[in-house]
Amino acid sequence: MLNLVKQSLTIISMRFRIQTDIFRKAIEATSHATSTSNLTPILENILIDAGYKKVTLTWNNLDMAIEYIVDIGVDVEAEGKYTISSKFLTSYIALIQDAEVYVTLEKGGSITFATQSSETKFKWTSPEKFPTIPSIVTGQAISLNAREFKTAIEKTLFSTADGSVRPMLAGIYMRSINGELIFASTDSFRLSEFRIRPETTVAHNPIIIPEKAANELSRLLTDDVKAIEICTHESQLLAIVGPIRLTSRLLAGKFPDYEWFFPSEYRSKSVVLRSEFVNALKQANLVARQNNFNTRIRSKHEGKIEVSTGDTEIGASIVSISGSVEWQEDIIGVNSEYLLQALSVIREDYISFEYKNPLSPVVIKWVATGESKQSYRHLIMPLKI
């Protein structure tokens, strides 16, 4: 290893040795939280804290922070902390091919990144102005299956609102009722609800997880992660995923009591093969996009479902697919783009769509095969035919 530090003359403020692949994984897992802020330049930096037998990397954009705790593959020789440009560190680690990186901070000087074949010096910034993360007691944490939690996010995240008018809609509503965990989101035009029944009974106060935090958690929950711990305190959320701790502000306000939006009874119900329905909607979209995606769905008793559009400047479309129709034959107008987004998060082969009348919401559900501990329903407000 090349050595830019003169041991006998330089006062070392911090030094540690870390395996490159672990360092890279920590940076890649948490770098999305950094902010680009001309008003608060420190938020563009990463805080690196070398403590007793561990190194913690922290990103913080005031609304959300991510900490990655490295306690394996690291050897701390001198404790200390500093902040450094996130852009530099991300670019630097992507180019390193040597097995280990030696990080040394000289008091009053620069920070040195040295490997077996390279040395790089870079300016560092004092950590004094780096924002602190609220302390949350983990004693009240609940442990959830990581795959189920990620599925819940994927099935509800797309229908959150932008939050400019009603901030409490810019996230995923999470609550527990009678042993079920319920996740919901809405932008006032559509609503998603996903329910799971965990192996162990879970009780949790209602919270609203911001869209950005939920999206980040979904990214962190890779296939090798088995569990996620969730705990809250006042207006803060702490999620623990292995060596990663994500802290985020919860959204304030009361999530709408949405149950009454779902009709208590339906007049028309159709069951179709999801892949055929998606294909028909995509064909309709070629024309419907010229008319705000206004698409008509007609259910016929002879086992046919028609997906059509009205006349637009570029033409019209009508596609007929097979399906089963129960109760009354009818027609309803929906936003086909919304419907396609809902169908994209359903993996089951068959789906049902139900409505009370052409002026009531359309409710899409998956058709489960056998017993299931999960359920999903998506509501879309109707359009004028």
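Every number in this text was worked out from the coordinates using simple rules, so none of it is lab data. Every value quoted in this text rests on a predicted model; they were computed, and no experiment measured them. Using ideal geometry, Cβ is built from the backbone for each residue, glycine included, and neighbour counts are taken over all protein chains shown.
Counting only residues at least eight positions apart within a chain, or on another chain, the aspartates and glutamates with an alpha carbon under 15 Å from that of residue 384 are 311, 330. Annotation for residue 368 and residue 348: the two label points, set 7 Å from Cα along the Cα-Cβ direction, are 0.8 nm apart. Could you please state, rounded to a whole Å, how far the C-alpha centre of the stretch 212-231 is from the C-alpha centre of the stretch 249-279? About 25 Å separates the Cα centre of the stretch 212-231 from the one of the stretch 249-279. The calculated FRET efficiency for the pair residue 275 and residue 301, based on their C-beta separation and a Förster distance of 25 Å, comes to about 0.60.
Between the entries [x] -0.23, -0.63; [y] -0.34, -0.76; [z] -0.33, -0.83, the label attached to log10 I(q)/I(0) by the Debye sum over Cα atoms at q = 0.06, 0.10 Å⁻¹ calculated for this structure is [y]. Ranked by the mean number of other Cβ atoms within 10 Å per residue, highest first, peptides 313-321, 153-161, 95-103 order as 153-161, 95-103, 313-321.
Using only the Cα atoms of the stretch 230-275, build the gyration tensor, take square roots of its eigenvalues as a ≥ b ≥ c, and label the shape rounded, prolate or oblate: rounded if a/c is under 1.5, else prolate if a/b is larger than b/c, else oblate. Because a/c hits 1.5 or more and a/b fails to exceed b/c, the stretch 230-275 counts as oblate. A full extension of the chain between residue 313 and residue 254 corresponds to an added length of 16.9 nm, given 0.36 nm per residue minus the alpha carbon distance.
For the pair residue 384 and residue 326, the difference between a 0.36 nm per residue extended length and the Cα-Cα distance amounts to 18.6 nm.
A Förster distance of 25 Å, applied to the separation of the beta-carbon atoms of residue 267 and residue 180, puts the FRET efficiency at 0.35.
For an R0 of 35 angstrom, estimate the FRET efficiency from the Cβ-Cβ distance between residue 40 and residue 145 and round to the nearest 0.05. About 0.40, to the nearest 0.05.
Each Lys and Arg adds +1 at its Cβ and each Asp and Glu adds -1 at its Cβ; summed about the Cα centre, the stretch 12-129 shows a dipole of about 200 debye.
Stretching residue 222 away from residue 119 to a fully extended chain increases their span by 33.8 nm, per 0.36 nm per residue minus the current alpha-carbon distance. In the structure shown, do any of 87/107; 87/155; 150/304; 121/226; 254/300; 226/282 have a Cα-Cα gap over 30 Å, and if so which? Beyond 30 Å: 87/155; 150/304; 121/226; 254/300; 226/282.
Which stretch or stretches of the stretch 217-231 have amide N atoms under 20 Å from the point lying 7 Å from residue 54's Cα along the Cα→Cβ direction? Counting only backbone N, you get 220-221, 225-231.
For the stretch 12-129, the Stokes-Einstein estimate of translational diffusion at 37 °C and a viscosity of 0.692 mPa s comes to 231 µm²/s, using the Kirkwood hydrodynamic radius over alpha-carbon pairs. Please give the residues of the stretch 303-323, grouped as numeric ranges, whose backbone N is less than 20 Å from a label point set 7 Å along the Cα-to-Cβ vector of residue 289. The answer is 307-319, whose backbone nitrogens lie closer than 20 Å to the label point. For the stretch 167-274, trypsin sites (Lys or Arg not before Pro) are listed when DSSP marks them as loop and at most 16 other Cβ atoms sit within 10 Å of their Cβ; the list is 226, 254, 267. Of the DSSP H helices in the chain, those with a Cα length along their own long axis of 15 Å or more and a mean Kyte-Doolittle hydropathy reaching -0.5 comprise 20-30, 274-288. What the phi angles of the stretch 315-332 give under the Karplus curve with 6.51, -1.76 and 1.60, with θ = phi - 60°, is a coupling list of x, 8, 9, 8, 10, 10, 10, 7, x, 9, 10, 10, 6, 9, 6, 7, 9, 8 Hz, glycine and proline written as x.
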